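A.B. asks: Dropping the structure in here first, questions after.
The values are calculated or read from the model by the stated rules, or taken from the named source; none is laboratory data. Only a predicted model underlies this, so the values are computations on that prediction, with no experimental measurement involved. Reconstructed Cβ throughout: ideal geometry from the backbone, glycine too, with neighbour counts over all protein chains shown. Quick note on the areas: whole protein, heavy atoms, side chains included, nothing else; ligands and nucleic acids left out. Shrake-Rupley method; radii C 1.70, N 1.55, O 1.52, S 1.80 Å.
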Amino acid sequence: MAFEMPRADKPEDVGFSSQRLQRIRDTLQADVDKGIVPGAVMLIARRGHIVSLDAPGYRDREDGSVMTPDTIFRIASMTKPVVSVAAMMLAEEGKLLIAEPVSRYIPAFADLKVATNSDDITVKTLTVEPPRRQMTVQDLLRPTSQAGL
């Protein structure tokens with residue numbers, strides 16, 4: 001790997017169970033064996049130490065290329081999960097309060113307006129008005145970011 005981290009001598013040294021990690025490995029291998037996924041890379045680290053690094057299966061099943069820990073993956077449509085994990089890490093550290101309005105962190109969102117349909121179903125017009133409540137960080141972490149506005 002381009003970035004080297006020390007390995008834990010044993011998972012229990014950093015609060016993991018060897019038996020439960022083996023269950024995860026077995027599940028990944030079973031998914032490869034059943035053809036559910038061609039291959040996977042799993043890295044689990046805690047307290048600055050790698051606890052588990054496994055790469056079962058193939059990066060290209062057709063030509064027999066095996067998966068390696070440094071295999072590069074496309075992560076299309078994964079922006080929201082990756083950003084959500086980063087946001088939750090900041091929340092754990094007390095640097096981000098997910099119940100707070102987004103405008104606390106990005107002032108440009110303070111005067112947000114939303115488009116609404118006219119109440120009259122015979123007239124198809126859009127109006128722009130303030131939201132019923134301010135958009136929170138938690139709203140942005142939901143699959144439907146405009147929920148409740």
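A.B. asks: Of the conditions (1) under 20 Å from the mean Cα position of the chain (by Cα); (2) open to solvent by 80 Å² or more (accessible area, probe 1.4 Å); (3) touching a residue at least 24 places away in the same chain (Cβ under 8 Å), GLY39 clears all except one; give me its number.
C.D. replies: All conditions pass for GLY39, except number (2).
A.B. asks: Among residues belonging to segment 66-119 that are polar (S, T, N, Q) and within 26 Å of LEU43 (Cα to Cα), point out the one that is nearest to the chain's Cα centre (by Cα).
C.D. replies: Ranking the qualifying residues of segment 66-119, first place goes to SER84.
A.B. asks: Name the one entry in ALA86, ALA110, ALA99 that is among the aliphatic types (A, V, I, L, M), within 30 Å of THR125 (Cα to Cα) and surrounded by fewer than 15 Cβ atoms within 10 Å (Cβ to Cβ). Write out each step before concluding.
C.D. replies: Details: ALA86 fails: within 30 Å of THR125 (Cα to Cα); ALA99 fails: within 30 Å of THR125 (Cα to Cα).
Being among the aliphatic types (A, V, I, L, M), within 30 Å of THR125 (Cα to Cα) and surrounded by fewer than 15 Cβ atoms within 10 Å (Cβ to Cβ) holds for just one of ALA86, ALA110, ALA99, which is ALA110.
A.B. asks: Name the pairs whose Cβ atoms lie under 7 Å apart, with the first residue in segment 104-120 and at pLDDT below 80, the second among the hydroxyl-bearing types (Ser, Thr, Tyr) and loosely packed, with under 11 Cβ neighbours inside 10 Å, and 6 or more positions between them or separate chains?
C.D. replies: SER118/THR125
A.B. asks: With respect to the numbered conditions (1) assigned to a strand (DSSP E or B); (2) open to solvent by 40 Å² or more (accessible area, probe 1.4 Å); (3) of a type outside the set (A, V, I, L, M, F, W, C), which one is the sole condition not fulfilled by SER52?
C.D. replies: (2)
A.B. asks: Look at segment 11-36 and say how many of its residues are in contact with a Pro (Cβ under 7 Å, 6 or more places away or on another chain) and exposed (fewer than 14 other Cβ atoms within 10 Å of the Cβ).
C.D. replies: Number satisfying all stated conditions: 2.
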